[in-house]
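J.: Below you will find the structure I want to go over with you.
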Amino acid sequence: MALNPVKFVREVRQEVAKVTWPGRKETMVTTGLVFAMAAVAAIFFFVVDQVIGLGVRALFSVGI
């Protein structure tokens, strides 16, 4: 099996040409959605952590 770097680069360029790249608007909307979902997940897990913490403190009568 011979390795031909020129052939490899040519094939990579052909494959990259086939890619449909997102536009600026699509990229911005998708990025905004990712940040929004990350914030929702962070808030959800914070609330769940606080509720579990309250339960553990109440169970062991420590701190409160």
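J.: From the list V34, V6, V40, V47, exactly one residue is among the hydrophobic types (A, V, I, L, M, F, W, C) and over 27 Å from the mean Cα position of the chain (by Cα). Which is it?
T.: Going through V34, V6, V40, V47 in turn, the sole match is V6.
J.: Restricting to region 19-60, give me the number of residues that are among the polar types (S, T, N, Q) and open to solvent by 100 Å² or more (accessible area, probe 1.4 Å).
T.: Residues meeting the conditions: 1.
J.: What's the number of the condition V16 fails, among (1) under 21 Å from the mean Cα position of the chain (by Cα); (2) surrounded by fewer than 10 Cβ atoms within 10 Å (Cβ to Cβ)?
T.: For V16, the exception is condition (1).
The values are calculated or read from the model by the stated rules, or taken from the named source; none is laboratory data. No experiment lies behind these values; they were computed from the predicted model shown. Cβ: placed from backbone, ideal geometry, glycine included. Neighbour counts: every protein chain shown. Surface areas here come from the heavy atoms of the whole protein model, side chains and all, with no ligands, DNA or RNA. Shrake-Rupley method; radii C 1.70, N 1.55, O 1.52, S 1.80 Å.
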